[in-house]
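Here the structure comes first, spelled out in structure tokens, and everything after it is commentary.
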Amino acid sequence: MEENQPVSQTFSTQPLPAGESMQPSESGSRKAPVGLIIGLVVVLAVIITGVVLLLRADNDTTARVRDVFIIFMALESLVIGVALVILIVQLATLINLLNNEIRPIIHATNDTVNTIKGTVVFLSDNLSEPVIKLNETMAAIAKFFQIVWPRRR
């Protein structure tokens, strides 16, 4: 008895709100590129409009806009410098963590593995091999007695 319906499908007895249908909606993966393209077109239009207005403006306005952009570039350089300093500090912290905490853990783990190897070799030599040899001997003796004195049925 096989069911042909998928397990994840659920049915509702509730009526749909007005304006909604049972059709699958457009996925978000198609909406994102369209929104991105529209945003890029708007930004490009603003840049072109700004360039046209600056070309038609007098020298004082152009000089002010130039000065404002120079100030913004200086602030951006300052922010990037601070971000690089923070990145270097975080990298130094990571290197310190690796050297002082992770490396000792790795050495301790390596020592533990070597101890376990020694224990396994010891148990193999002193427990497993003698038991295996005893089982071999007992099987040989049992087979010998079966051959010498066979059971009669």
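Roughly speaking, what is the stretch gain from residue 139 to residue 87, that is 0.36 nm per residue apart minus the C-alpha to C-alpha distance, in nm to one decimal?
Taking 0.36 nm per residue and subtracting the Cα distance, the gain is 11.7 nm.
Once the other residues with Cβ under 14 Å from the Cβ of residue 124 are scored (Lys, Arg +1; Asp, Glu -1), what is the net sum?
Net charge in that neighbourhood comes out at 0.
Using each residue's phi in region 75-82, evaluate 6.51 cos²θ - 1.76 cosθ + 1.60 at θ = phi - 60° and report the 3J(HN,Hα) Karplus result to the nearest Hz, with x for Gly and Pro.
5, 5, 4, 5, 5, 5, x, 5
Spelling out what I want: for every residue of region 85-96, take phi, set θ = phi - 60°, compute 6.51 cos²θ - 1.76 cosθ + 1.60 (Karplus), and round to whole Hz; glycine and proline get x.
4, 4, 4, 5, 5, 5, 5, 5, 5, 5, 5, 4
Projected onto the charge dipole of region 32-148 (+1 at Lys/Arg Cβ, -1 at Asp/Glu Cβ, origin at the Cα centre), which of 138, 50, 37 gives the Cα projection farthest towards the positive end?
138
What does the C-alpha gyration tensor say about the overall shape of region 32-148? Classify as rounded when a/c is under 1.5, otherwise prolate if a/b is larger than b/c, or oblate.
oblate
Coordinate-derived values only; no laboratory data. From a predicted model like this one, the values you see are computed outputs, not experimental measurements. Note: ideal-geometry Cβ built from the backbone for every residue, glycine included; neighbour counts use all protein chains shown.
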